[in-house]
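Bear in mind that the values in this text are calculations on the coordinates, not laboratory data. No experiment lies behind these values; they were computed from the predicted model shown. In this analysis, Cβ positions are derived from the backbone assuming ideal geometry, glycine residues included, and neighbour counts consider all displayed protein chains.
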Amino acid sequence: MRARREQPAAPTSASTSTAPAPPLPPPRWAVRAAQLITLLALPTGLWRLAMVCGFPSGYTAAGFVPFDTPGSKLWMLTLSVTCELLALLSLGLVRPWGETVPRWIPVIGGRPVRPPAAVVPAAAGALALTALWAAMPLWWTYPHPDMTPAGRLLIGVIYQPLVLWGPLLGAVTVSYYRRTRGSRTAHTNTP
C-alpha cells in the first residue's frame, strides 16, 4: 500500500503579505571584498603597534621623539584598535549578524537590522575613507625629512592599500542595500 503524501497548504495572500522573503545570500565577490577590508587596515595597525612598543619603525632618532610620549602611544594604540574594529564591521554587511542583531546584545538582540541603520553609516564611512585616503598615492612626492629612506618606502607601501578601503566598502554597501531593500517593509511591521 502506498502512503499518501501530505501536500502543503497553498499560501494565502494574507500569509505572504506579512512574511518577508529572506534576503538573498551575499555574492561571493562581496564576501571577499569585506574580508579584504579587514586585512587592509592590519599592516598600518601593526606598524603603529611597533611604534607603541618603542621601535622607530622607519623614523630617524629625532623624528621618532614626538611619537615616544605616553600620549602619542595611547593615541596610536587607540587608532590601531579603532581602525581594525571599523574594518571588521564591514563583515556585518555580508554576515547574518548584519541582518539580525545577535541575541547576546542587550535590549535589541534578536531583532532584525533595519537596512538604513547599516547602509547609511557604511555609505558615509565609504565616502569619508575615500576622501581621507585619496591623496595617499602621492606619498612619495612629499618630503619626509624625519624618516629614513627605507622607512619612507615601508610606510608608503603599507599605507597604499588603504586607498581601496573606501571604494570596497562602498561596493559592499551597495550589495547589502540591493539584497536587503525588499525587507524594509517587513521591519516596519515588527514590534
Could you tell me the extents of the stretch 12-138's C-alpha atoms along the three principal axes, largest first, rounded to whole Å? 76, 36, 21
Coordinate range along principal axes, alpha carbons of the stretch 53-101, Å, largest first: 50, 20, 13
So if R0 is 30 Å, what FRET efficiency would Leu154 and Leu91 give, r being the distance between their Cβ atoms, rounded to the nearest 0.05? 0.60
Take each of the peptides 132-145, 29-42, 74-87, average the number of other beta-carbon atoms within 10 Å over its residues, and list them starting from the highest. 29-42, 74-87, 132-145
One finds, for Ala134 and Leu49 with R0 = 22 angstrom and r their Cβ-Cβ distance, a FRET efficiency to the nearest 0.05 of 0.30
As an exercise, use a Förster radius of 30 Å and the Cβ-Cβ distance of Val65 and Leu42 to find the FRET efficiency, rounded to the nearest 0.05. 0.65
